[in-house]
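Here is the structure we will look at.
All of the numbers you see were taken from the coordinates with simple rules; none came from a lab. All figures in this text were calculated on a predicted structure; none of them were measured in a lab. Cβ placement follows ideal geometry from the backbone for every residue including glycine, while neighbour counts extend to all protein chains displayed.
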Amino acid sequence: MPVKGWIEVDDMHCKGCALCVSACPQDVIALNMDRLTPKGYHPAHLIDEGCTGCAVCAIICPDAAITVFREVPVHSKKAPESA
Ligand code: SF4
Ligand code: SF4
């Protein structure tokens with residue numbers, strides 16, 4: 001099962017340059033043309049499921065506006081050995 005990830009984009013830092021849009025290998029980022037940041041840019045946002053949390057977008061963003069989250073699979077603890 002693929003790793004599930006997601007991103008958060010900081011409105012105060014995103015300048016709508018779309019570098020992350022072109023860099024995302026899953027094609028799940030686009031500029032949000034329905035809203036503007038306080039600074040007047042269309043911010044990047046996730047448009048679909050499929051983010052793997054690879055962090056390529058965060059690395060390429062010149063303004064460090066993206067925080068990446070990645071789901072960590074929970075492994076069940078092994079029961080203690082009985083004597
Ligand atoms: S690369 Fe950074 S500044 Fe550019 S659109 Fe993406 S989040 Fe915004
Ligand atoms: S973490 Fe990777 S898959 Fe997810 S939006 Fe960023 S570049 Fe795309």
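Selection over the stretch 17-31 of residues that are in contact with a helix residue (DSSP H, G or I) (Cβ under 8 Å, 6 or more places away or on another chain), over 12 Å from I7 (Cβ atoms) and assigned to a loop (DSSP other than H, G, I, E, B) gives a count of 1. Residues that are closer than 14 Å to A55 by Cβ and within 10 Å of ligand 1 (Cβ to nearest atom) within the stretch 20-32 comprise C20, A23, C24, I29, listed in sequence order. Only residues that are within 14 Å of P25 (Cβ to Cβ) and surrounded by 14 or more Cβ atoms within 10 Å (Cβ to Cβ) were counted in the stretch 50-66, giving 10. In the stretch 41-66, how many are of a type outside the set (A, V, I, L, M), within 8 Å of the chain's Cα centre (by Cα) and within 7 Å of ligand 1 (Cβ to nearest atom)? Result for the stretch 41-66: 1.
Listed here are the residues, each with its yes/no results for (1) closer than 19 Å to P2 by Cα; (2) without any contact (Cβ under 8 Å) to a residue 60 or more places away in the chain.
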| site | (1), (2) |
| --- | --- |
| M33 | no, yes |
| Y41 | no, yes |
| A44 | no, yes |
| C51 | yes, yes |
| I60 | no, yes |
| A64 | no, yes |
| E71 | yes, no |
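Against the criterion of being of a type in the set (S, T, N, Q) and part of a strand (DSSP E or B), T67 qualifies.
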